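K.L.:
Structure below; questions to follow.
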Amino acid sequence: MKLDHSLVALVVAVSIVPSLSMAVSNTQVVTDVRAFQSVIWKRLEGANWVLDGKRDAPRIVYVITDPNCVWCHRFWEVSRPWVESGQVQVRHILVGIIKHNSAGKAAAILSAPDKAAALTLHELNVTRGGIAEAPVVSESARNALAQNLRLMRDFGFSGTPAIIYADSRGNMAVMSGFPGERMEVVMGSPSPKK
């Protein structure tokens with residue numbers, strides 16, 4: 001059975017923004033799913049993310065990632081043509097869940113003066129262990145990681161990478177795991193460097 005995108009968006013909206021469930025009863029018909037999606041997009045925009053790409057790139061893709069996730073690194077590698085061409089900005093929402101040093105590495109990136117440069121440094125050196133753990137995890141980094149983990153759980157994800165993007169109709173779409181052959185769907189176009 002194929003679920004209607006509007007129904008899926010409503011279920012996601014109600015689960016992510018619990019106060020919305022009070023406004024929706026079994027007898028009400030929700031006609032403006034985009035309003036619910038707008039609330040969810042605003043929550044993502046307000047999250048603690050690290051920009052990868054140009055701020056003015058026309059397409060935004062959110063990815064919940066752990067510094068020790070090999071599939072997150074693979075997503076970073078495969079996304080380079082879109083990011084470097086300026087077509088897509090990836091907003092990395094860092095969590096620290098895979099290994100004992102994941103939170104320390106994520107905190108090092110989140111605490112860096114240039115978070116984007118720290119993320120790039122980490123990704124370019126993943127095969128050698130990536131970025132060093134923050135010697136001390138600041139309270140702001142600890143809070144950011146807790147909020148990001150809560151966001152991940154609110155979306156119903158249990159692993160990384162977890163990807164949120166707009167589909168071809170402009171509706172919110174989610175994907176758990178590495179997209180593989182669906183990378184062009186997530187990025188919204190064929191690879192700029194084929």
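Read the figures in this text as sums done on the coordinates, not as results from a lab. Keep in mind that this is a model prediction, so the values were computed, not measured. Using ideal geometry, Cβ is built from the backbone for each residue, glycine included, and neighbour counts are taken over all protein chains shown.
K.L.:
Order of 71-79, 54-62 by packing, highest average Cβ count within 10 Å first?
P.N.:
Listed from highest to lowest mean packing, they are 71-79, 54-62.
K.L.:
Using label points projected 7 Å from each Cα along Cα→Cβ, tell me how many nm separate Arg43 and Arg153, to one decimal.
P.N.:
Modelled inter-label distance: 1.3 nm.
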